[in-house]
Amino acid sequence: MTAPTSTVADDAQTAIVDLLGVRGVPLGTVLRELAARGFSRSSADAGVRTLIRRGVIVMTDDRHLHMPASTPAVRSESRKDRRADQLGG
């Protein structure tokens, strides 16, 4: 029995984020690694597109994928820390 499509897509997205870590990786390398892990090309492509659309990853002009310099969670935490500093906390 195959997993529902949403589960496969979620697994592909998780694998993509795991592959990227803190450095940029060429798109082709990501797609080859996902294929080696058993993901179809369409699942891998869909995972990449979804993560880009959500702002979780970005693709540079030279087709490298990487995590954004600052994610919304990091920015939010930074604002919270600044506010605490302003309040003396």
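Placing pseudo-labels 7 Å out from each Cα toward the beta carbon at Ile52 and Ser6 gives an inter-label distance of 2.5 nm. 3J(HN,Hα) along segment 57-63: 10, 10, 10, 7, 4, 8, 6 Hz, from the Karplus curve 6.51 cos²θ - 1.76 cosθ + 1.60 with θ = phi - 60°, whole Hz, x for Gly and Pro.
Within 10 Å of each residue's Cβ, count the other Cβ atoms and sort Ser42, Ser6 from fewest upward. Numbers along the way, then the final one.
On the way: Ser42 12, Ser6 8.
Ranked by crowding around the Cβ, least crowded first: Ser6, Ser42.
Put the Cα centre of segment 51-68 next to the Cα centre of segment 6-46 and the gap is 12 Å.
What is the order of Arg23, Arg49, fewest Cβ neighbours within 10 Å to most? Mind showing how you got there, number by number?
On the way: Arg23 8, Arg49 11.
Going from least to most buried by this count: Arg23, Arg49.
Since every read-out is calculated from the coordinates, none of them should be taken as a lab result. Keep in mind the model is a prediction, meaning the values are calculated, not measured. Please note: Cβ atoms are built from the backbone with ideal geometry, for glycine as well, and neighbour counts cover all protein chains shown.
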